[in-house]
1. Got a number for residues in the range B:4-33 being facing another protein chain (nearest Cβ under 7 Å), of a type in the set (Gly, Ala, Ser) and either surrounded by fewer than 17 Cβ atoms within 10 Å (Cβ to Cβ) or not in a helix (DSSP H, G or I) (or both)?
2. Take the range B:34-86 and flag every residue that is more than 7 Å from every other protein chain (Cβ to nearest Cβ), within 20 Å of A:Val126 (Cβ to Cβ) and in a loop (DSSP other than H, G, I, E, B).
3. For A:Pro281, indicate whether it is of a type outside the set (Phe, Trp, Tyr) and in a loop (DSSP other than H, G, I, E, B).
4. Of the residues A:Ala131, A:Ala171, A:Ala211, A:Ala181, which is open to solvent by less than 60 Å² (accessible area, probe 1.4 Å), assigned to a helix (DSSP H, G or I) and farther than 22 Å from B:Gly146 by Cβ?
5. Is there a residue in the range A:240-248 that is outside any helix (DSSP H, G or I), of a type outside the set (Lys, Arg), open to solvent by less than 30 Å² (accessible area, probe 1.4 Å) and modelled with pLDDT of 85 or more?
6. Are any residues in the range A:155-168 among the small types (Gly, Ala, Ser) and either surrounded by fewer than 21 Cβ atoms within 10 Å (Cβ to Cβ) or more than 9 Å from every other protein chain (Cβ to nearest Cβ) (or both), and if so, which ones?
7. Which condition from (1) modelled with pLDDT of 95 or more; (2) more than 7 Å from chain B (Cβ to nearest Cβ); (3) within 19 Å of B:Arg129 (Cα to Cα); (4) surrounded by fewer than 24 Cβ atoms within 10 Å (Cβ to Cβ) is the one that A:Leu145 breaks?
8. Looking for something within 23 Å of B:Val154 (Cβ to Cβ), outside the structural domain of B:Tyr170 (by TED's automatic domain parsing) and part of a helix (DSSP H, G or I) - is there at least one such residue anywhere in the range B:110-121?
Amino acid sequence: MIETFFAADLLNSSPALFSAFILGIAFGWCLEQAGFGSSKRLTGIFYFRDMSVMKVMFSAVITAMLGLLLLSRVGLVKPDSIFLPETIFGAQIIGGLLFGFGFAVGGWCPGTAAVGAVSGKFDAIVFLIGAMIGSMAFSESFVWLESYYNSGASGIRLVYAELGMSAGQFALALTGVAVFAFWISELIEVRFNFSKVAEKAHGLWIFSMTALIVATAVSAMPARSVAVGGRTEQKEIMAAIYEARDHITPVELAREMVVGQKKIVCVDVRSSDEYHEWHIPGARNFPPESIIAGLELYRNHDRIVLYSNGMVHPAQIWVLLKMNGFDNAFVLSEGLTGFREDVLKPVALRIEPLSAEQKNEIEKWRSFFLTSANAVGSNLYVR
Amino acid sequence: MSEENSKNYLNPYLAGFLLGMTLLASFVVLGTGLGASGGLARISAWCGLCVAPDHFLKSAYFGAWGEDPLNYYLVFMFAGVMVGGFVSALVSRRISIEAERGLSFGLYNRLWLALGGGVAAGFASRLARGCTSGQALTGTALMMTGSVVFLLCVFAGGYLAAYFFRRQWYD
């Protein structure tokens, strides 16, 4: 099992910084060798003249994706030892469109501009200065942008789960799409002269076949969910139930989330419609068939908290998780109904007498779960 | 293509495979993917701190990086990219002082577009939490929904803009 600097929380240690420098050298070397020190070659993709960006990016994506999947299938890499970028739909759609504009107009993106700059392209230096100005402009206007920055925040979302596929199936499908894109790219470059492509694409045959074979093999390998965690004995499950180690109260959950020291993931087991209407900030929602696979990522979290409106549905999934060796699964007692009542309900609406301290804490919870930008549907209880 | 041969670039699929292996190494060793814009933004924050320390330490975004924004793995990676790119360009004899553009397109026009494009890309990479490396490449390899959406939007934005700016590359 490989322990990453990220998992060990040592990303700022000297060995990690040194490793990042070495990886950067390899990264820069690859970009330059691919010809990305030339803005004309980079932007060629936007004019269908030079499709290298498509070829290089897509080969890199499938190589890393299949490699990582293989390493996790043989148990060398734990899924949660890798940092996963969150999905923030609004920010990533607007950011993507604006970034694409900057890429096509400026002729560079940040990494390739660094390579261009050291190969003597002075427009790349100008682009880098522009990007620094743009970053600073973002920081200066952050106060006004903050709500856009978090608009559509949806936590960690896996694209294969959205499509109702397993990771292996998606990897195989994406590899197929990549191989198709490679051949189309070759055809585009010679204006669909088929004999010319056949002449120059010897290497591509081998690469395409290898990628498809590896993808098929990897997708056929069983996920290690059960093997890694092992099955929990019935006796131990019963003991957990009787000793009440199976649930967490809304107040306990709210306190732990506000403090933020424990790695907690909430899992909303309601329908996706209900989920989109409102959910606990950061909560995940899976299609029923992929819930166990999806939770694999959180096996080493301190808590996986299952909730629904009530408790029956989460409790059933809790047993299933337990049997699959998840020792960190909990059911939110009283469900969302209890969470709304005990945590989110405004002080003014509460009947019981409260001390100033308690009122203070409730206000803190409300601003954490409702007014913060990550709250979806924050109109609930907000007056 | 003829230009490809004359510049002696590496086979794009081999280059992509090696880039993918670098990304995989980064996942396994660091536990994070590759990134470029994050390092650049921190260099920008550092420049800000040199000029107006009080202002930038208090700012909501750069301020969160503290007094020493350069002490971060992405800054070291960015430095590595420059070293690796330089060595590669040197041994492949591809260093030339120039700004590529269409024959009839003025140098200053090209530089203004590079600056404007840079500002847009720098701003957008902060909003989207990454650029072509940190989101499009890394996030797609991790099969993350937001990163795939970002990648698709980059190409949508690029193709929309490219048509209007084609004169800078082709006559």
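1. Residues in the range B:4-33 being facing another protein chain (nearest Cβ under 7 Å), of a type in the set (Gly, Ala, Ser) and either surrounded by fewer than 17 Cβ atoms within 10 Å (Cβ to Cβ) or not in a helix (DSSP H, G or I) (or both): 1 in total.
2. Matches in the range B:34-86: none.
3. For A:Pro281, the condition - of a type outside the set (Phe, Trp, Tyr) and in a loop (DSSP other than H, G, I, E, B) - is met.
4. The conditions single out A:Ala211.
5. Yes; the residues of the range A:240-248 include at least one that is outside any helix (DSSP H, G or I), of a type outside the set (Lys, Arg), open to solvent by less than 30 Å² (accessible area, probe 1.4 Å) and modelled with pLDDT of 85 or more.
6. A:Gly155, A:Gly164, A:Ser166, A:Gly168
7. Of (1) modelled with pLDDT of 95 or more; (2) more than 7 Å from chain B (Cβ to nearest Cβ); (3) within 19 Å of B:Arg129 (Cα to Cα); (4) surrounded by fewer than 24 Cβ atoms within 10 Å (Cβ to Cβ), only one is false for A:Leu145: (1).
8. no
The values are calculated or read from the model by the stated rules, or taken from the named source; none is laboratory data. What you are looking at is a predicted structure, and each value in this text was computed from that prediction instead of being measured. Note that each Cβ is placed from the backbone with ideal geometry, even for glycine, and that neighbours are counted across all protein chains shown. Surface areas here come from the heavy atoms of the whole protein model, side chains and all, with no ligands, DNA or RNA. Shrake-Rupley method; radii C 1.70, N 1.55, O 1.52, S 1.80 Å.
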